[in-house]
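The values are calculated or read from the model by the stated rules, or taken from the named source; none is laboratory data. Predicted model, so just to flag it, every value in this text is computed and none were measured. Accessible surface areas use protein heavy atoms only, side chains included; no ligands, DNA or RNA. Shrake-Rupley method; radii C 1.70, N 1.55, O 1.52, S 1.80 Å.
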Amino acid sequence: MTILDKIISRKKEEVNFSKANISVEELKDSAFFERKTASLKSSLKEKSGIIAEFKRQSPSKGVINDKVSPFEVVSAYENFGASGISILTDTDFFGGSFKDIMDLRSQIKTPVLRKDFMIDEYQFYEAKNMGADVILLIAACLSPSQVLEFTHLSHELGLEVLLEIHTEEELQHFHPDIDLVGINNRNLKDFKVDLQHSVRLKNQLPEQTLSVAESGIYSIEDFSYLKEKGFDGFLMGEYFMKNEDPAKAFKEFINHINLS
Ligand SMILES: O=P(O)(O)OC[C@@H](O)[C@@H](O)c1c[nH]c2ccccc12
């Protein structure tokens, strides 16, 4: 059993539990449900392209940073030019929660990606309810028809879709209705990072597809390399979060790329 299998089997239990406690009708009955969402597609072109992540821990790295507050970090990400904010809402494996988005939503304008393992329609209503603008669909845990079905549901709710792929076979999950394709530089099965593999995959996508390089971007050189290869977005978490002061780390990174 891979870690991904474990996460998905736990997620199924979690979703069943939530469904039994809060109905979709109740989820719809919230202030954020009516909120007009912000577009990550537009924001990627207008700002740095960086989607900066708030992540306390991960299965591969253990605790990364559990001392800082989401609002402090995320407002710095916004103020210093992030195109998007990614927030892990999975609790058991990543130490996040729905509250992390809900509590700061009204104070942040930057598009927010709800980063979780989406396997059931119910979670899309949840995402809208907590104030997300974008959701992640991970090809490795969905069929191509589920990807399409979830994409259309997301659009009905005003959410954009970032489809994450890692292998050549997963290119089959692509559909022109999908907003953005993320190529994970990290293999979720063994955690190995390979930037060149991602560049090869990107070159197999239709040319006008908006692409996001995800994970394992650990230096200015990594960022510049992926930018030069034509990626539109860069999803970065650990590089900022591993610092005592992620806000400062983000600001310094942005200053560097603006100078180079
Ligand atoms: O911390 P990193 O290496 O910069 O990676 C960020 C992000 O790409 C990573 O957290 C991620 C990418 N895809 C995921 C799917 C689920 C959970 C987490 C992820």
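What shape does segment 117-189 take by its C-alpha gyration tensor, where a ≥ b ≥ c are the square roots of the eigenvalues and a/c under 1.5 counts as rounded, a/b above b/c as prolate, and the rest as oblate?
It comes out prolate by the Cα gyration axes.
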Original post:
Tell me which lysines have Cα within less than 18 Å of Lys36's Cα, excluding those fewer than 8 residues away on the same chain?
Top reply: Lys28, Lys109, Lys128
Original post:
When we measure straight from the Cα of Lys202, which aspartates and glutamates land under 14 angstrom away, once same-chain ones fewer than 8 places off are left out?
Top reply: Glu164, Glu168, Glu169, Glu170, Asp194, Glu214, Glu228, Asp232
**OP:** Calculate the all-directions average of the projected area of segment 84-131's alpha-carbon convex hull, and give it in nm².
**Re:** 3.2
**OP:** For segment 201-242, with all protein chains present and a 1.4 Å probe, just round the carbon and sulfur fraction of the accessible area to a whole percent.
**Re:** 43
Subject >> Convex hull of the chain built on C-alpha atoms - directionally averaged projected area, nm² >> reply: 12.7
**OP:** Report, to the nearest whole %, how much of the accessible area of segment 77-154 belongs to carbon and sulfur atoms, 1.4 Å probe, protein only.
**Re:** 52
Original post:
Per residue, what volume in Å³ does the convex hull of the Cα atoms of segment 1-108 enclose?
Top reply: 132
Subject >> DSSP-defined antiparallel bridges as percent of all bridges, segment 135-260, nearest 5 >> reply: 5
Original post:
Where the centroid of each part is defined by its Cα atoms, how far is segment 235-260 from segment 1-62 in Å?
Top reply: 23
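Send over a whole-number figure in Å² for the accessible area per residue of the chain, probe 1.4 Å. Mind showing how you got there, number by number?
Working: 11790 Å² over 260 residues.
Accessible area per residue, the chain: 45 Å².
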Original post:
Where the centre of each part is set by its Cα atoms, how far does segment 143-201 sit from segment 80-135, in angstrom?
Top reply: 18
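Given the rule -39500 (n - 2.57) for each run of at least 4 DSSP H residues, summed and divided by the residues of the chain, what is its mean residue ellipticity at 222 nm, to the nearest 500 deg cm²/dmol?
Values: 11 runs with 106 residues, N = 260.
Value at 222 nm, helices only, nearest 500: -12000 deg cm²/dmol.
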